[in-house]
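Asks: Following this message is one structure expressed as structure tokens.
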């Protein structure tokens, strides 16, 4: 339980740092190299716009949703949301479930220009 709390706190702190251009470029590069791109916003938010190639798994369903894809726990997974908060929570949840390469890419609004320029 302590480990889950620590992972959660680290994810929340990192989510505040997840929206700069360097993070967006790293996220784009990871996706171009085969990482799974996951939008953790609601289905309604996803329908209003999302990054090309993203799948939608709401943050509260992330562990079950990724498990349903039958991915190895070492899979590269890039998560984003509206502000970086929910993707931080989702990243922490995946880490607590044993996924070792899930990263919070931050906010959709910060990532979209990077994707538009480089995707």
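None of the figures in this text is laboratory data; all of them are computed from the coordinates on show. Everything numeric in this text was worked out from a predicted model, so none of it was measured. So basically every Cβ, Gly included, is an ideal-geometry build from the backbone, and we count neighbours across all protein chains shown.
Asks: Hey, rough spin-label estimate for residue 26 and residue 69, points 7 angstrom out along Cα→Cβ, what's it come to in nanometres?
Replies: 2.0 nm
Asks: Suppose the chain between residue 43 and residue 117 were pulled fully straight at 0.36 nm per residue; how much longer would it get relative to their current alpha carbon spacing?
Replies: Working: separation 74, 0.36 × 74 = 26.64 nm, distance 2.54 nm.
Working it through step by step, the gained length comes to 24.1 nm.
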